[in-house]
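The values are calculated or read from the model by the stated rules, or taken from the named source; none is laboratory data. Bear in mind that the values here come from a model prediction, so they are computed numbers and not experimental data. Don't worry about glycine lacking a Cβ; one is built from the backbone with ideal geometry, like all the others, and counts go over all protein chains shown.
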Amino acid sequence: MIRLENVAKSYDGKTMVIQDINLEIKKGEFFVLLGPSGCGKSTLLRMIAGLEKITQGDLWIDGQHANDLLPKERNLSMVFQNYALFPHMTVRDNILFGLDARKVDRQEQEERLGKVAEIMGLAEYLGRKPGQLSGGQRQRVALARSICSQTPICLMDEPLSNLDAKLRGQMRSEIRRIQRMLGLTIVYVTHDQVEAMTMGDRIMVLNGGHVQQVGEPLEVYNNPENLQVATFIGMPQMNVFRAQTEEEGLRMNGSLLLRSRSGRTIRLPGQEFEAGIRAEHFSQTGGDADYVLEAEAAMVEYTGDETQISFADGQGYSVVKWPGQVPVRAGEKLELGVDAEHLYFFDRETGRRLRQGGGEGQ
Ligand SMILES: Nc1ncnc2c1ncn2[C@@H]1O[C@H](COP(=O)(O)OP(=O)(O)OP(=O)(O)O)[C@@H](O)[C@H]1O
Ligand SMILES: [Mg+2]
C-alpha cells in the first residue's frame, strides 16, 4: 500500500533529519512510528502526506510513484499533531469537510456523522465552533473528520496526546476497532510506547532519523535489536548494568554479583558489555532460577495490582516488578532469581544486541 525506498529528508540541504528509510506498509495494516521527540516521526508522516518534499529516495502509494503527487491526489486523510480545524466552521462542518467535493451524498454523510459523533462523544457539540471546545474535544473532531472521510489511508500524528488517561484508553480501542471494521491502513505517530504496543500491528522505532527496528509489538519487546529499543519500550524501563564475566557469574556495575547456579559461564565476544534485565523478570526467590542476585530493598511501591521494589545497584537504582501486593519492607534482603533466557546483552560501544555464542538465541 505504501512503500518507501531509501527515503531521506533534509530541511536545510546539509543535515539529514531522516536517513535511508526502507519500508513497506501493507493494506489494512495499523503501522506505528514510535520514537522520542525530534526523531523525525512527523517529518516522515508529512512526506507520505505530500506536505514535505522528499529530499532523496522514492515513495509509492498503491503502486503509484507518489513523490510528486499533490496531497489531494494521494487519497488519504491526515490528523495533525496540532489538529488543524477551520475556526469559522462548526464541528459538524469540520467533520464533514471534503465529503461534498468527493461527491458523497447527503444521506450517507449524515449516517457517517451520526456514528462517528457518537463514538467520539461529540454528538452534543456539533453546532459549536472549535474555539468553544477543549483541546481534547478539538482533537476528537480532527479524528472524526479523518474517520468520516473513509479514505483508504489515514495518517495520524499523535492524535490522542491531548486527552486524559481514561479517554485516551477508550479512544485507543475505538480507533483500533474502526480501523479493523473499515479495513483502513493507518500510519500512526506516537512517542508513547504503550499506545504503540497496544494499537500497532507493527511498530517502527526511530531514533535520530534512523530506523532502529521494525516488528510486531511483542517481537520488538522480547527481542530488541539494540539498547535504545530495549530501554525505550517497556515500563519501567529495562534495568541496565555494566557487566563483566567472572568465574562465578556476572559482576554488575563493579559491585553486585549475578551468581550462576549451574556453574555455566556466559560466553560473549569480549568481557565487558551491558547487561539488561526487565523488572518483571526477577523472580521472588532464587528458587530454581539459573542466576541469583542478592539485593536490599530500598523502596517499595504498591499500585494496588502490582508491587515495585527498587534496590541500589552500585550505579543508581534498579527496579523489580511483581504482580499483586507482595509484603516487602525497605531494608529487607532479597534473593532475586533470573533465568538465562531473560538476560539481554549489548555491546558497550554500539549498543548492538549481543548473543551468546555469537549466533541466534541465547
Ligand atoms: N520545517 C522545519 N525546518 C527545519 N527543521 C525542521 C522542520 N521541521 C522539523 N525540523 C527538525 O527535524 C527534526 C525532526 O522533527 P519532527 O517534527 O519530524 O520530529 P518528531 O519526531 O515529530 O518530534 P515530536 O515528537 O516532538 O513531534 C527535528 O530536529 C526538527 O527540529
Ligand atoms: Mg511530531
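Determine whether the range 340-356 contains at least one residue that is within 22 Å of ARG267 (Cα to Cα), of a type in the set (Val, Ile, Thr) and either within 25 Å of the chain's Cα centre (by Cα) or at pLDDT 95 or above (or both).
Yes.
So which residues in the range 113-163 are in a strand (DSSP E or B) and under 17 Å from ASP93 (Cα atoms)?
Within the range 113-163, none qualify.
Does ASP192 satisfy the criteria of being within 16 Å of ligand 2 (Cβ to nearest atom), surrounded by fewer than 18 Cβ atoms within 10 Å (Cβ to Cβ), modelled with pLDDT of 90 or more and in the same structural domain as PHE31 (by TED's automatic domain parsing)?
For ASP192, the condition - within 16 Å of ligand 2 (Cβ to nearest atom), surrounded by fewer than 18 Cβ atoms within 10 Å (Cβ to Cβ), modelled with pLDDT of 90 or more and in the same structural domain as PHE31 (by TED's automatic domain parsing) - is met.
Test each condition in (1) surrounded by 21 or more Cβ atoms within 10 Å (Cβ to Cβ); (2) over 30 Å from GLU124 (Cβ atoms) for LEU23 and report the one that comes out false.
Unmet condition: (1).
Being in a helix (DSSP H, G or I), modelled with pLDDT of 90 or more, more than 16 Å from ligand 1 (Cβ to nearest atom) and in contact with a Gly (Cβ under 9 Å, 6 or more places away or on another chain) is the requirement here; does ARG92 meet it?
Taking the combined requirement at face value, the residue satisfies it.
Filter the range 21-72 for residues that are closer than 16 Å to ASN207 by Cβ and in a loop (DSSP other than H, G, I, E, B) and give the result.
The answer is GLY35, PRO36, SER37, GLY38, CYS39, GLY40.
Restricting attention to the range 102-122, does a residue exist that is under 25 Å from ASP201 (Cβ atoms), within 16 Å of ligand 1 (Cβ to nearest atom) and touching a residue at least 24 places away in the same chain (Cβ under 8 Å)?
no
Can you tell me which residue is surrounded by the most Cβ atoms within 10 Å (Cβ to Cβ) among those in the range 26-61 that are out of contact with any strand residue (DSSP E or B) (no Cβ under 8 Å at 6 or more places or on another chain) and at positive phi?
GLY50
Quick test of your reading of the structure: MET156 fulfils all but one of (1) under 21 Å from LEU85 (Cβ atoms); (2) surrounded by fewer than 19 Cβ atoms within 10 Å (Cβ to Cβ). Name the failing condition by number.
(2)
Which strands (runs of 3 or more DSSP E) does the range 172-288 wholly contain that include 1 or more residues that are under 15 Å from the mean Cα position of the chain (by Cα) and of a type outside the set (A, V, I, L, M, F, W, C)?
Output list reads 185-190, 202-207, 210-215.
Looking at the range 35-79 only, could you name the residues that are more than 27 Å from LYS14 (Cβ to Cβ) and within 16 Å of ligand 1 (Cβ to nearest atom)?
MET78, VAL79
Does VAL300 count as over 32 Å from the mean Cα position of the chain (by Cα), farther than 23 Å from ALA230 by Cα and of a type in the set (Val, Ile, Thr)?
No, not satisfied.
Go through the residues of the range 65-80 one by one and say whether even a single one is within 24 Å of ARG3 (Cα to Cα), surrounded by 14 or more Cβ atoms within 10 Å (Cβ to Cβ) and among the charged types (D, E, K, R).
Checked against the condition, which is being within 24 Å of ARG3 (Cα to Cα), surrounded by 14 or more Cβ atoms within 10 Å (Cβ to Cβ) and among the charged types (D, E, K, R), the range 65-80 yields at least one hit.
With the condition kept exactly as written, say whether any residue in the range 76-88 is farther than 24 Å from ARG138 by Cα and either in a strand (DSSP E or B) or among the basic types (Lys, Arg) (or both).
No.
Just for the range 1-58: of the residues that are away from ligand 2 (no atom under 16 Å from the Cβ), in contact with a Ser or Thr (Cβ under 7 Å, 6 or more places away or on another chain) and charged (D, E, K, R), which one is nearest to PHE232 (Cα to Cα)?
Among residues in the range 1-58 that are away from ligand 2 (no atom under 16 Å from the Cβ), in contact with a Ser or Thr (Cβ under 7 Å, 6 or more places away or on another chain) and charged (D, E, K, R), the one nearest to PHE232 (Cα to Cα) is GLU29.
Return the residues of the range 108-154 that are modelled with pLDDT of 95 or more and within 16 Å of ligand 2 (Cβ to nearest atom); say none if nothing qualifies.
none
Does VAL205 satisfy the criteria of being within 16 Å of ligand 1 (Cβ to nearest atom), in contact with a strand residue (DSSP E or B) (Cβ under 9 Å, 6 or more places away or on another chain) and among the aliphatic types (A, V, I, L, M)?
So VAL205 passes the test.
When the range 279-325 is examined, which residues are found to be surrounded by fewer than 17 Cβ atoms within 10 Å (Cβ to Cβ) and among the aromatic types (Phe, Trp, Tyr)?
Residues satisfying the conditions are TYR302, TYR317, TRP322.
In the range 32-55, how many are in contact (Cβ under 8 Å) with a residue 60 or more places away in the chain and out of contact with any Asp or Glu (no Cβ under 7 Å at 6 or more places or on another chain)?
Counting residues in the range 32-55 that are in contact (Cβ under 8 Å) with a residue 60 or more places away in the chain and out of contact with any Asp or Glu (no Cβ under 7 Å at 6 or more places or on another chain) gives 12.
Any residue in the range 245-267 that's among the acidic types (Asp, Glu): show its pairings with residues that are part of a strand (DSSP E or B) and at pLDDT 90 or above at Cβ separation under 7 Å, as long as the two are six or more apart or on different chains.
So the pair list comes out as GLU248/LEU257; GLU248/ARG259; GLU248/SER260.
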